[in-house]
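These notes concern the structure reproduced below.
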Amino acid sequence: MATEMKPGTEPPISAVPEAEVGPAQTEKVEVEAPVESTKPAEPVKLTEPAEPAEPAEPAEPAAEPVKPVEPVEPVEPAEPASIAAAAAAPKEEIPPAEPAVKSEPEGASAATDTAAASELVNEQWGVISEGLASLYRKLPGILEDGNGHKEVFGVTLTHHGTNKPSPAFGTLLILQKFLRANAGDVDKAAGQLVQTLNWRSEMKPLEQLAAEHDREAFDGLAYVQVMTLNSEVLTWNIYGSVKDYKKTFGDLDKFLKWRVAIMEAAIAKLDLNSAEKPIPDYNQGTDPYQISQIHDYLNISFIKMDPHARAASKAAIQIFRDFYPEMLNRKFFVNVPLVMGWLFKATTLFLPETTLKKFHVLSYGKELHKELGEEVPENYGGKGIKELKDLGDPVKLTGEKVPGTYANAADGPAEAKTDPEAAPVAPDTAA
């Protein structure tokens, strides 16, 4: 409802709804439109007695005040028509700046922008992500903190400095493994790499690989196989063939050196120095340079564990978890008793989903060929080699083969054994 007014009076603007503003009010709103550079003089009300208008703000000192006898003529900078026109067409007065992307040639990829940001290039690798580039820039300090040791998994880490911003392909492979193992966290990856370098400088894994190990203690307990169809590297752990627990596990240092040598023998089959395929960034694909493990539980006791085997288990698992990141592809537990299936499930409930996907439990060894193919030995359902012993010793063992040594758990004695890396007791999630 319109507000009742007395003749000759003007209602306050606040009392008039927006939808009901008449032409007079509209004109007044246009006059009061804000101008950034010059504050216009207040418009003269024609209905009021002639009164000298206030002079314009001193933006232009020479501006003349409005003559009271000529109210029709406003001050030039405050001309309402000009203000309204400027407000109506701001794009014509101030065109928007062209975005920087427009200057790039059409078809320029995001990969080019990433490469420019990282300022690191490797023709074989392709685009180097910023996280990987950041870890590479930290490498000089990492090598210094790592006791000066530069070798990891048979690859010598190198940093070319600022004069040659092209990292070596092998160096990128190793750095990417540590970065993926730490979910892309550069600082955590750097810390783990420093610890690994220090450990390798003390353990000297490549020396353990070249050394001879006690055949009486370790003969027939582990094998390394490379599948010809897909080049997948397998390690077989046959602890059911242990004859003397004290001899195999009693000397912890001796056992760990042998176990590390087995791991290095498998890594050597990956031939990282000749690798040509990059490892994707974290959560962007699979790492093609990993190892699959098979643990055979035939003749293994899940209830009673030898104390020497328990200590060996704990130490081996910690080494593989801390110093061999991103090395486990899949892990198979075969010949697991049906009644122990629930224990495996209970043990793995608290493991990350990514780790759970790597674990496969099989109650019957002959089912393994369905997972790994026909190249596995016959007693695992395959049509390849007849027995694991046909693969030969993965590392050097002293003396001749000991009579009575069992190459496969299935050929061994019926007495119960214990697996030092048994998953139900302490899952070996690293390797």
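Read-outs: derived from the displayed coordinates by stated rules, not from any lab. Since this is a predicted model, take the numbers as computed values, not measurements. In this analysis, Cβ positions are derived from the backbone assuming ideal geometry, glycine residues included, and neighbour counts consider all displayed protein chains.
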Note to self: For Asp219, Asp187, which order do you get if you count the other beta carbons within 10 Å of each Cβ and list the fewest first?
What the structure shows: Asp187, Asp219
Next item on the list: Just rank Leu175, Leu343, Leu368, Leu349, fewest to most, by other beta-carbon atoms within 10 angstrom.
Entry: Leu349, Leu343, Leu368, Leu175
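Neighbour counts of other C-beta atoms within 10 Å: give me Leu172, Leu338, Leu256 arranged from fewest to most.
Going from least to most buried by this count: Leu338, Leu256, Leu172.
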Item checked: Hydrodynamic radius (Kirkwood) for segment 111-203, which is based on Cα pairs only, to one decimal in Å -> 13.3
Item checked: Too-long pairs where the Cα-Cα distance tops 28 Å, listed order kept, from Lys177/Lys269; Lys177/Lys366; Lys243/Lys314; Lys243/Lys357; Lys304/Lys396; Lys246/Lys370 -> Lys177/Lys366; Lys243/Lys357; Lys304/Lys396; Lys246/Lys370
Item checked: Intensity falloff of segment 230-351 expressed as log10 I(q)/I(0), Debye formula with alpha-carbon point scatterers, at q = 0.14, 0.21 Å⁻¹ -> -0.75, -1.42
Checklist line | Between segment 323-344 and segment 239-278, the Cα center-to-center distance that results, in Å | finding: 17
